[in-house]
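These notes concern the structure reproduced below.
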Amino acid sequence: MIDYHQPDTSGHFGRYGGSFVSETLTYAINELREAYARYKDDPAFLAEFHYELAHYVGRPSPIYHAARTSRELGGAQIYLKREDLNHTGAHKVNNVIGQAMLARRMGKPRIIAETGAGQHGVATATICARYGLECVVYMGSEDVKRQSPNVYRMKLLGATVVPVESGSKTLKDALNEAMRDWVAHVDNTFYIIGTVAGPHPYPMMVRDFQSVIGEECLQQMPEMLAAQGIATRQPDAVVACVGGGSNAMGIFYPYIPFENTRLIGVEAAGEGLDSGKHSASLQRGSSGVLHGNRTYVLQDANGQITETHSISAGLDYPGVGPEHAWLKDTGRAEYVGATDAEALAAFHHLCRAEGIIPALESSHAMAYAMKLAKTMRPDQSILVNLSGRGDKDIGTVADLDGVEFYDRPSMRGHVVKGAPTAGDKA
Ligand SMILES: *Cc1c(COP(=O)(O)O)cnc(C)c1O
């Protein structure tokens, strides 16, 4: 068993992480650190967190043996951790509930968040609706255009969506704008970051909330393998996609001590790792500071953040959580890529062979797992974190496949008299 204690008290994972924030945010960050330190092991806080996960999110999420796929590949058995079955359709909600509970205890009635594809925005708007908190979501104006169903979902849930016009008008700009809002409203505002990035304590705190995924797997996998008559043990490999890195940290973290289990993060290789059109910060980036922490970032010779690309908006981020940078350098985790085309093929495979429409993000993990399985024996096992469902992606997939996709045109312009308009405040 590997003895693992990260980060240190100042939030460093080796040379990565830490807290690079302006003077004006120091107060808010310290207040958050103190609150998290106070509640992270508080039995009442943890009991409420697990109650919410069980009764609102629907945890534990099951593990499913993709038997047909495994048989066809002829190698290792592939198992899927079904985070796509969570309420709101992905792993993001686990973390949002934890942070929203903290906001309530800190007496902050106003929540802000950044979002790229809109998944974190929808999860945040959902929990704010349930807890009666004001919710403001920053979203790049390019993403607002590309992800209109999620923008409408957030409005239905009562959130205000603020389009961000600066920079490349995408996720990293939305994060900058949310930080600016936080500086201006620290007294009444809690910033819910959606991945294991940001200044300390965010990378640790988000990892802790998401590690419920891996904790469940530690119990479920040996039970599953024993029920199938395979020896009671943990999987030989755990595979997860990496955007900012929260679903991967959530499933990796409890497995870090188990040195016989390989941990493999799959980045978006876009049109190829050497095409210049990808989001593979760990494989093609270098050390730099982004959004309040030191990590691997995609930057040019002058330290300017470079443009990223992926078919999946949730992986399209030029940085990565600092703990992944540390796990890469120490060799405890491996990082590989899956291209747009490989992810799209895995997407279609899961639809047709297993009856599961996966998120395009999760399809990257599945694509690599299918390659890896062929190099392993049938008595070995691979656990894939199926981070989300793909309903949000069917328009993108239809476009990529050159299929025309009609969004109920006959309903356009149909108005229900007397119904409230989305976004109206009670
Ligand atoms: C947001 C998202 C991701 C990427 O974020 P991580 O922080 O890397 O997990 C992956 N899968 C789904 C379904 C998402 O919504």
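The values are calculated or read from the model by the stated rules, or taken from the named source; none is laboratory data. These numbers come from a predicted model, not from an experiment. Using ideal geometry, Cβ is built from the backbone for each residue, glycine included, and neighbour counts are taken over all protein chains shown.
Given the structure, is R38 touching a Pro at 6+ places or on another chain (Cβ under 6 Å), basic (K, R) and either farther than 26 Å from R153 by Cβ or within 16 Å of the ligand (Cβ to nearest atom) (or both)? Spelling it out, it is not the case that R38 is touching a Pro at 6+ places or on another chain (Cβ under 6 Å), basic (K, R) and either farther than 26 Å from R153 by Cβ or within 16 Å of the ligand (Cβ to nearest atom) (or both). Note on region 254-284: residues that are assigned to a helix (DSSP H, G or I) and within 13 Å of the ligand (Cβ to nearest atom) total 2.
Yes/no matrix, rows are residues, columns are (1) over 21 Å from I251 (Cβ atoms); (2) of a type in the set (V, I, T); (3) surrounded by fewer than 19 Cβ atoms within 10 Å (Cβ to Cβ); (4) modelled with pLDDT of 95 or more:
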site	(1), (2), (3), (4)
G11	yes, no, no, yes
T24	yes, yes, yes, no
L32	yes, no, no, yes
L46	no, no, yes, yes
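Determine whether M376 is in a helix (DSSP H, G or I) and aliphatic (A, V, I, L, M). The answer is no for M376. Within region 98-131, being free of Cβ contacts under 8 Å to residues at least 60 places away in the same chain and hydroxyl-bearing (S, T, Y) holds for T126, Y131. The helices (runs of 4 or more DSSP H) found entirely in region 124-236 that carry 3 or more residues being out of contact with any strand residue (DSSP E or B) (no Cβ under 7 Å at 6 or more places or on another chain) and crowded, with 22+ Cβ neighbours inside 10 Å are 202-210. Of the strands (runs of 3 or more DSSP E) entirely within region 285-345, those holding at least 3 residues that are more than 17 Å from P7 (Cα to Cα) and away from the ligand (no atom under 14 Å from the Cβ) occupy 286-290, 333-339.
Of the listed requirements (1) more than 13 Å from the ligand (Cβ to nearest atom); (2) touching a helix residue (DSSP H, G or I) at 6+ places or on another chain (Cβ under 8 Å), V96 misses just one: (1).
V242 is checked against (1) crowded, with 24+ Cβ neighbours inside 10 Å; (2) under 21 Å from R59 (Cβ atoms); (3) within 13 Å of the ligand (Cβ to nearest atom) and fails just one. What number does that condition carry? Of the numbered conditions (1) crowded, with 24+ Cβ neighbours inside 10 Å; (2) under 21 Å from R59 (Cβ atoms); (3) within 13 Å of the ligand (Cβ to nearest atom), the odd one out for V242 is (2).
Condition check ((1) touching a Gly at 6+ places or on another chain (Cβ under 9 Å); (2) over 26 Å from M249 (Cβ atoms)) across all residues:
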| site | (1), (2) |
| --- | --- |
| M154 | yes, no |
| S168 | yes, no |
| D187 | no, yes |
| F190 | no, no |
| A197 | yes, no |
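Look at region 234-249: where a residue is touching a residue at least 24 places away in the same chain (Cβ under 8 Å) and at negative phi and a partner is near the ligand (Cβ under 6 Å from one of its atoms) and of a type in the set (V, I, T), sitting 6+ places away or on another chain with Cβ atoms under 7 Å, you get G243/T195; G244/T195; S246/T195; A248/V242.
If I ask for residues that are buried (at least 24 other Cβ atoms within 10 Å of the Cβ) and either in a helix (DSSP H, G or I) or near the ligand (Cβ under 9 Å from one of its atoms) (or both), which ones from region 77-93 would you list? Listed by number, the residues that qualify are E83, A90, H91, K92, V93. No other residue among Y202, Y152 is under 15 Å from A117 (Cα atoms) and either among the aromatic types (F, W, Y) or more than 21 Å from the chain's Cα centre (by Cα) (or both) apart from Y152.
Working only within region 205-224, note down all residues that are more than 13 Å from the ligand (Cβ to nearest atom) and among the basic types (K, R). Scanning region 205-224 gives no hits.
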